[in-house]
Amino acid sequence: YPALHGMNDENLQDKINTTIKEAALSKYNDFLDMGLDFDKTAWPVEYTVEYMSDRYISVVFTGYIYTMGAAHGTDWKYAVTVDMTTGEKVRLSDIFDDSFIDYLTFENFGECIEIDFSGAFSEATDLIFANMKDEFARDWDNLSYDYFHFANDSFHITYAPQSSFFCFKSDYEAL
């Protein structure tokens with residue numbers, strides 16, 4: 001995971017670095033809690049700083065987890081966006097009110113990054129967005145921070161039901 005260096009406020013820098021570290025290790029800790037045997041597991045992790053400004057830093061973590069004896073592994077992706085003025089994780093509800101849920105449509109977030117939807121039926125994409133809207137609406141105020149991140153040219157949503165994930169983006173002007 002990345003770490004910031006050279007900030008004038010070392011306490012804030014430490015808080016930001018701790019927040020990023022905790023987010024980076026959160027999935028690992030989730031798997032430990034499930035009893036996964038890491039002696040028999042391959043889990044390469046990569047990160048990218050997708051966005052950084054005076055106000056926010058967004059870090060995206062990607063990887064592939066494979067446990068010995070499993071039929072196949074699982075790709076995964078999650079992110080953390082940290083407020084550079086407080087060191088706290090940023091949630092969707094910190095940026096948008098719950099009317100944002102209505103904006104979650106294929107028309108608004110139809111540019112898919114990680115998957116090819118060119119041959120998908122509209123019913124499939126409608127179902128993905130309907131499920132995402134339901135999940136976001138159920139837990140809007142406590143929604144996990146790892147669903148979204150900023151990038152230089154667009155806002156990204158990653159929705160990960162079960163072991164699949166779908167990544168969508170929207171231009172900032174459209175938001």
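Taken together, the values in this text are just the output of simple stated rules run on the coordinates, not laboratory data. These numbers were taken from a predicted model, which means no experiment stands behind them.
Could you sort out which of Lys15/Lys169; Lys21/Lys133; Lys15/Lys77 sit more than 26 Å apart by Cα distance in this structure? Cα-Cα > 26 Å for Lys15/Lys169; Lys21/Lys133; rest within. Across the range 12-27, computed HN-Hα scalar couplings (Karplus, 6.51 cos²θ - 1.76 cosθ + 1.60, θ = phi - 60°) run 5, 4, 4, 5, 4, 4, 5, 4, 5, 4, 4, 5, 4, 8, 4, 5 Hz from first to last residue, x flagging Gly and Pro. Each residue of the range 129-139 was assigned a 3J(HN,Hα) from its phi angle through the Karplus expression (A = 6.51, B = -1.76, C = 1.60, θ = phi - 60°), giving 5, 5, 5, 4, 4, 4, 5, 5, 5, 4, 9 Hz with x at Gly and Pro.
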